[in-house]
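Peer 1: One structure is given below, represented as structure tokens, and several questions about it will come after.
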Amino acid sequence: MERGRPPILRHQMPRLQTPAPERKEPGIASDEYYEIKTRIHDRLIDLIDLSLLDSLDEGSLGGEIGKIVERLLRDEFFQTPLNQIERDRLINEVKDEMLGLGPLEPFLKDPSVNDILVNSYRQIYVERSGKLVLTESRFKDNDHLKKIIDRIVSRVGRRVDESSPMVDARLPDGSRVNAIIPPLAIDGPALSIRKFAKEKLTIEDLIRYKAMTRDIADVLRGTVLARLNILISGGTGTGKTTMLNCLSGFIPHDERIVTVEDAAELQLKQEHVVRLESRPPNIEGRGEVTQRDLVRNCLRMRPDRIIVGEVRGAEALDMLQAMNTGHDGSLATLHANTPRDALMRLETLVAMAGLNISALSLKRYIASAVDVIIQISRFSDGSRKLVSFQELTGMEGEVITMQEIFAFEQRGMTADAKVKGAFLARGIRPKFAVRFESKGIKLPEGIFDPRNVAEV
């Protein structure tokens, strides 16, 4: 231990004379392995002066903990037939228990993991490249999982118990967390973490990943610069927020942007940005601030652009009012499986706001507010693609009319189970092309030609 540093041990560890119990060879994920880890963790709590945890930086503390665990593993009471790989793993896991979120810590540090899904203390799934994979990691028992959940929610001033068995929280890095415990979760506590992407993807990344073509990206750029109102539609985990982030990158840096989110995920590179986040009610059921409250408030903040992270309630009405009253260039996402479903869902959400107008008037209101719907889908191989680019053209009778400008058509699978298909132009020149021309936005010749096909 370095000179001048306060000792982390409360006292020198005596050599314990208790004979080592007879053991079988533990497997890497056996109950015996977790029992060893629990006993070492409990012994560590007895030996470490917890008052010093805040005074040492994480690197120094991790080194001290590693040394103590090594000594404990050499102790007669803890002598085990663990091989070196298992010993190294155990040391790292004990560090994670003391300083982080236990078995979840390696996945939080792994940039290839997008989602962490804990179904029970024995089952931890992660999503990599759009595919869910069952991991070998697990918690010791339900109490262990519940302690980790408590550690997460306590950091943001929340609690989860029988009186409040569901909770949403956010990790320090911005990752979203949802936890639910018994009696609502029948098989024990369950935890879902949507990781916060540290590296923001750009439109060039989406082209490289074959989520769209260069031509589609050029038109998307034009729709943002021409201040069209854009709705991004898709199912869960299809990449709506990623697409919203990419489109926001085209907004000029001299415009004032106000974002409204249920859980802050957007990563805008512009400097003139005000980020607003809704707030759930406290334990007494008070203090809730909804997205609708925030959308209404942001209209008083002189925004050039309003970005709603996800429209999921009555704020749909206020967003449409903003789009119809001079706040052009607004962007939002919505859960829906097709562009037509997105319009139906938008109608339903507006109805939740209690607006007393006829269904026909509501459709006209939507048709005049929204200019473009971008539909995104996730395929069986985990890939995400822009599958439909639709322009709203007005009303025909009692139906909102749309025309598809670009589409992706799946045409089978490759031998290695990858999606085959083609991005197509439908041969329709959109009405917004006139707006492009008036603003000096140039597009390549033949971009809307039906012979413009890009095989993937």
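Peer 1: Any idea how many residues of the range 97-136 are of a type in the set (S, T, N, Q) and touching a residue at least 40 places away in the same chain (Cβ under 8 Å)?
Peer 2: Of the residues in the range 97-136, 4 are of a type in the set (S, T, N, Q) and touching a residue at least 40 places away in the same chain (Cβ under 8 Å).
Peer 1: Those residues that are touching a residue at least 24 places away in the same chain (Cβ under 8 Å) and open to solvent by less than 70 Å² (accessible area, probe 1.4 Å), I need them from the range 181-193; list them, please.
Peer 2: Across the range 181-193, the qualifying residues are ILE181, GLY188, PRO189, ALA190, LEU191, SER192, ILE193.
Peer 1: Moving on. Out of everything in the range 239-298 that is free of Cβ contacts under 8 Å to residues at least 24 places away in the same chain and among the β-branched types (Val, Ile, Thr), what residue ends up being surrounded by the most Cβ atoms within 10 Å (Cβ to Cβ)?
Peer 2: Once the filter is applied, the top-ranked residue is VAL273.
Peer 1: Which of the residues that make up the range 322-347 are of a type in the set (S, T, N, Q), over 22 Å from the mean Cα position of the chain (by Cα) and open to solvent by 60 Å² or more (accessible area, probe 1.4 Å)?
Peer 2: THR325
Peer 1: Still on this structure, I have one more. Residues LEU104, LEU99: which one is in contact with a strand residue (DSSP E or B) (Cβ under 7 Å, 6 or more places away or on another chain) and either surrounded by fewer than 20 Cβ atoms within 10 Å (Cβ to Cβ) or more than 20 Å from THR238 (Cα to Cα) (or both)?
Peer 2: Details: LEU99 fails: in contact with a strand residue (DSSP E or B) (Cβ under 7 Å, 6 or more places away or on another chain).
Just a single option satisfies the conditions, and that option is LEU104.
Peer 1: Any residue at all in the range 430-444 that's in a strand (DSSP E or B), buried (at least 17 other Cβ atoms within 10 Å of the Cβ) and at pLDDT 95 or above?
Peer 2: Within the range 430-444, none of the residues are in a strand (DSSP E or B), buried (at least 17 other Cβ atoms within 10 Å of the Cβ) and at pLDDT 95 or above.
Peer 1: I've got another one for you. Quick one: is THR223 crowded, with 24+ Cβ neighbours inside 10 Å, over 23 Å from SER278 (Cα atoms) and either of a type in the set (Phe, Trp, Tyr) or at pLDDT 95 or above (or both)?
Peer 2: Yes: the conditions hold for THR223.
Peer 1: If you don't mind, there's one more thing I want to ask. Kindly check whether there is at least one residue in the range 438-453 that is closer than 27 Å to THR241 by Cβ, in contact (Cβ under 8 Å) with a residue 40 or more places away in the chain and among the aromatic types (Phe, Trp, Tyr).
Peer 2: Looking for residues that are closer than 27 Å to THR241 by Cβ, in contact (Cβ under 8 Å) with a residue 40 or more places away in the chain and among the aromatic types (Phe, Trp, Tyr), one finds none in the range 438-453, hence no.
Peer 1: OK, next. What are the residues in the range 109-155 that are open to solvent by 10 Å² or more (accessible area, probe 1.4 Å) and of a type in the set (A, V, I, L, M), if any?
Peer 2: LEU117, LEU132, VAL133, LEU134
Peer 1: Still on this structure, please answer the following. Can you tell me how many residues within the range 247-265 are under 14 Å from VAL308 (Cβ atoms) and of a type in the set (D, E, K, R)?
Peer 2: Count: 3.
The values are calculated or read from the model by the stated rules, or taken from the named source; none is laboratory data. From a predicted model like this one, the values you see are computed outputs, not experimental measurements. A quick note on method: Cβ atoms are made from the backbone with ideal geometry, for glycine too, and the neighbour counts reach across all protein chains shown. Just so you know, the surface numbers come from the protein's heavy atoms only, side chains and all, with ligands and any DNA or RNA stripped out. Shrake-Rupley method; radii C 1.70, N 1.55, O 1.52, S 1.80 Å.
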